[in-house]
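Contents: one structure, followed by commentary.
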Amino acid sequence: MTLIKSISGIRGTIGGTVGDNLTPLDAVKFASAYGTWIKKDSGKKAPKVVVGRDARLSGSMIQQLVMNSLIGLGIDVIDLGLSTTPTVEIAVPLEKADGGIILTASHNPKQWNALKLLNNKGEFLDASNGADILEIASSDAYTFSEVDDLGSIKEDNTYIDKHIDLVLDLALVDAEKVKAAKFKVVVDAVNSTGGITIPKLLKKMGVEVVELYCEPTGHFPHNPEPLKEHLGDLAKKVVETKADLGLTVDPDVDRLAFMCEDGEMFGEEYTLVACADYVLGKTPGNTVSNLSSSRALRDVTIKHGGTYTASNVGEVNVVATMKATNTVIGGEGNGGIIYPDSHYGRDSLVGTALFLTHLAEKKVSISELRASYPAYFMSKNKITLTPGLDVDGILIAMAEKYQDEEVTTTDGVKVDFTENWVHLRKSNTEPIIRIYTEAKSQVEADNLALKTIEEIKKIAGL
């Protein structure tokens, strides 16, 4: 069982002992630390915070603990109930709130939950703010309000509809064009809040929807990370119903993956590539993804005359780089679309609407669309080291070994070769080096990973 404290929030497994897991006491502690920071940051006696959750089984319990901790600090809460991460993100500025909390462990299994923390722009906290909250939590430096100054809770279940309407109002979303294409789409929402939002959006765009695991019960029918090995039921349903495509999201609806009409994956990395291709074709500009994302986005960006920039891993880093480079679209290769004309957060609703408009305009099958992009293949591995080893030293040695290549050391070590690349990052919680490679065939990507693992072992003396 695990409790992980980081600058972006707190996540852990439900049950167990205080401080080792996400227990009720831990939820209260970190909600109180965040609330204390919000009061200081806003300078208000009675600030406002938006709270929403995905459908996981522990959600209601954790939400009640979090909201009541906030009102105990004199903070007013806007309770969105069952919601999505991007919906809470857009609600914060619309409510003129001082922050937001999403209760979700994203793609983690059902025993996990988390507090994801937002600032007054509806964006994830930066490292400095996150560190301040961890410091407050470690010192238990809370001052709760007296009875006449307690906060309040106001329920608002309108934001999913508001979110959908805002997506449909985007200049590059053409619901009529999508309607004319007469798409049939199978949606696997892993029995979380994507089952509330994605079918509703699609129906408003004139799409015929086949719902698969769209009841927000929190009983995930398979591993909720939207990867090929978890999506056998979706593949079967797409072929069985003769659908034009399949679509799946993770429990909090910030990651988006598509499936082709033959039951093969479009490729999670290519969600961003396709959306960027469409956006860049209409509004030329720059793109950003993280260092572990596919090179295909760079190729598509160059094709449209733009500049591609790689950021450090992590949504907050992607967003910071997007703002610095005046990016028209960006995100992460895990299926996270960030479209600034909507907001600076990964958003599967925005991604779905842009993708389907693109597909309808192209008038091709989804497999034909996929074949039109550069073909790259990734391999994702890790190597476990003994706790006493100097992981930073190993990474420095790898950077020196390949100093004649294009090497980036802002986030681990990434080596860009002419035809492929390898990215090495250490884990913050265990003695592991993550090894991501990409090449023009799966065999090449796998072989590059194996070669890199052997080089690391040699440097480490294993």
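Just so you know, all these numbers are worked out from the coordinates, no wet-lab data involved. Quick caveat, the model's predicted, so the values are computed rather than measured. Reconstructed Cβ throughout: ideal geometry from the backbone, glycine too, with neighbour counts over all protein chains shown.
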ask   = What ranking do 77-83, 447-453 get when scored by the average of other Cβ atoms within 10 Å per residue, highest first?
value = 77-83, 447-453
ask   = Under the definition of Cα pairs under 8 Å and six or more residues apart, what whole-number percent is the relative contact order of the chain?
value = 12
task = Equivalent ellipsoid semi-axes for segment 163-371, as square roots of 5 times the alpha carbon gyration tensor eigenvalues: give them largest first, rounded to whole Å.
result = 25, 18, 16
ask   = How much mean residue ellipticity at 222 nm does the chain get from its helices, if each DSSP H run of length 4 or more adds -39500 (n - 2.57) and you divide by all residues, to the nearest 500 deg cm²/dmol?
value = -12000 deg cm²/dmol
task = Beta carbons within 10 angstrom, averaged per residue: use that to sort the peptides 282-293, 39-50, highest first.
result = 282-293, 39-50
Segment 180-284 - charge dipole about Cα centre, Lys and Arg +1 at Cβ, Asp and Glu -1, debye rounded to 20 = 520
ask   = Given a Förster distance of 30 angstrom, what is the FRET efficiency for Ala371 paired with Thr410, based on the Cβ-Cβ distance and rounded to 0.05?
value = 0.30
request  = Let me have the relative contact order for segment 377-460, percent, based on Cα pairs under 8 Å that are six or more residues apart.
outcome  = 37
ask   = Assuming a viscosity of 1.306 mPa s and a temperature of 10 °C, what translational diffusion coefficient in µm² per second does Stokes-Einstein assign to segment 3-157, Rh being the Kirkwood radius over Cα pairs?
value = 106
remark   = Note on the chain, DSSP bridge orientation, antiparallel percent to nearest 5 equals 60
ask   = Given Cα pairs under 8 Å that are at least 6 residues apart, what percent is the relative contact order of segment 160-302?
value = 20
query = Which of the peptides 164-173, 416-425 is most tightly packed, and how do the rest follow, going by the mean number of other Cβ atoms within 10 Å of each residue?
reply = 416-425, 164-173
